[in-house]
Structure formats: structure tokens, C-alpha cells
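Encoded as C-alpha cells, the structure appears first; notes follow it.
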């Protein structure tokens, strides 16, 4: 870094701090942000081994698509008005919610919900940041049906847990970026064993999504460093509602029994209506 000319060093410092800018800024905008000339951008791009700025931008875009948080973070504009960041966050969440729900084919979602209602056993799998959503899904489903497991729990290996599943069972996998490679391997094995799989994923799941019986991509793009999950949560909740309606009286009867037990045990603090 110290051996770089001053203008290239200023640009390099910007790229090290916010590598994602190369995906969303033009070469001219990048030069303006670093307060250097466009020629300095060209020289640094070549020094880094790229043929041109377009080639570097493509590599950075791939990193952003993979969900690398360092590449998702962008510098705030010095002219940004107070509160604009929160407004941009709101607007992006609304867009994520709309894009997720509007992309769902209702017939496929209903078909998947019927499978979740009728399967002998349901195993919900979530790795890394997807585990939280898998736990939520498992909890909701246990309110209306039995034999719902969450994997992995502490000390568990996913492949050991799925070993006894067959075509009468069902796996619900949550696979949001950045997905560990384990998930794809598990889905490949399940497909070979003809175990039906419902996958809730992001829009960049690619070949992983193709391994599922039903795949529902969600919009997860945020405004900066972290992804947005409002669309994911909304779709998962709606899916659970579909399972409830599919199970009809059986699901509602189970829910009533659970509520009666909770009330008898006085599990919750008094609620004021």
C-alpha cells in the first residue's frame, strides 16, 4: 500500500474499506468518491491484474450476490439528509416484502403446505443464520401437528439425523445466503432417497434450489451491510397458516389442547384485553 502513488493509495483505501462500491459506482463516480482522477482508477485496476474496470466490477458483483457483508456495505453520502437512511431502509424492506410475495405461485405453495400437513414426519433444517428461521418454522408447525424436528441441535450432524428419512417424510430446509456447503450435499442425498424437500431460500440459491421438490426464493437484499428478512418471515408465516388450514379440525383441535394445557399450567403472565 505504501508503495502506491498518492492518488492510487487514496482509491485503494476506499476499496479496502468499502469494496462493494466497485459494483454500484461507475469509474467516474468512484474517482469522485475517492477524490482522484479517472486515470488513477484505470491505473489501479490494471495494477490489480484486471483487464478493465468492467472485469473488476463483475467480480465484486459476484461477491455481493453471494452475500459477503464487506461487499454489501457502502459509504454514506455526505449530502444525505437526516433520517434518509431510515427511510431507505423502510423502502427496501417494503420492496423485499412485495417482491417475495409476488414471486410465489399460490398453487405450488398450497401443494407444499399439503405435503407438510400430511407427511409422517417433518424435519426442519437450518444452518448458520438460517437456523433461527428453522426454529421459528418448527415451533409454528408443532402447534398444529406432531413429529416435527429441528436439525441440527447441539451435538448433531445433519447427515446422521436425515439417515432414516424416506418418501413418506418431508424436509423443510431454510437456506439463506451465505449457505454452508453442507446444505447442498444434504439436499443431493435426500433427492437420491426420494425424500420430498421444501426449500425457502434467497434468489441466488442456484443449483441448490434445483435440488428441492418445491423451492421458494425470497428477496433478501438490504440497503447496506446486512440482508433484509422481512419477506422471508412473512412467507414462512403465511406458509404455516396454509398448513393450519390444510389440517382443518385436526390442527385446530391440537392447538386448542395446547392452549388448554398452557392455561392450566399458568405459563404466561396475565394479558389485558
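Only the coordinates and a few stated rules stand behind these numbers; no lab work does. Values in this document were obtained by computation on a predicted structure and should not be read as measured data. Counting neighbours? That spans all protein chains shown, and the Cβs are built from the backbone with ideal geometry, glycine included.
Below are the figures for this structure:
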| quantity | calculated |
| --- | --- |
| Rounded to 10°, Cα long-axis angle of helix 6-17 versus longest principal axis of the chain | 0 |
| Which of 3, 51 has the fewest Cβ neighbours within 10 Å, and the rest in rising order | 3, 51 |
| Cα gyration tensor shape for the range 4-56, rounded if a/c is under 1.5, else prolate or oblate | rounded |
| Full-stretch length increase - residue 139, residue 105 - with 0.36 nm per residue and alpha-carbon distance subtracted | 9.8 nm |
| Relative contact order computed over the range 104-265 (Cα-Cα under 8 Å; 6+ residues apart), in percent | 24 |
| D_trans [Stokes-Einstein, Kirkwood Rh over alpha-carbon pairs] for the range 104-265, 10 °C, 1.306 mPa s, µm² s⁻¹ | 99 |
| Distance between modelled label sites at residue 191 and residue 47, nm, 7 Å Cα→Cβ extension | 4.5 |
| Shape of the range 128-213, Cα gyration tensor, a/c cut at 1.5 | rounded |
| Which labelled figure in [x] 13.2; [y] 20.2; [z] 18.1 is mean projected area of the Cα convex hull in nm², once derived from the coordinates | [y] |
| Tilt relative to the chain, helix 130-142 - C-alpha long axis, 0 to 90 degrees, to 10 | 20 |
| Cα-based helix-to-principal-axis angle, 106-118 vs the chain, degrees rounded to 10 | 50 |
| Cα centroid separation - the range 164-185 against the range 1-65, whole Å | 39 |
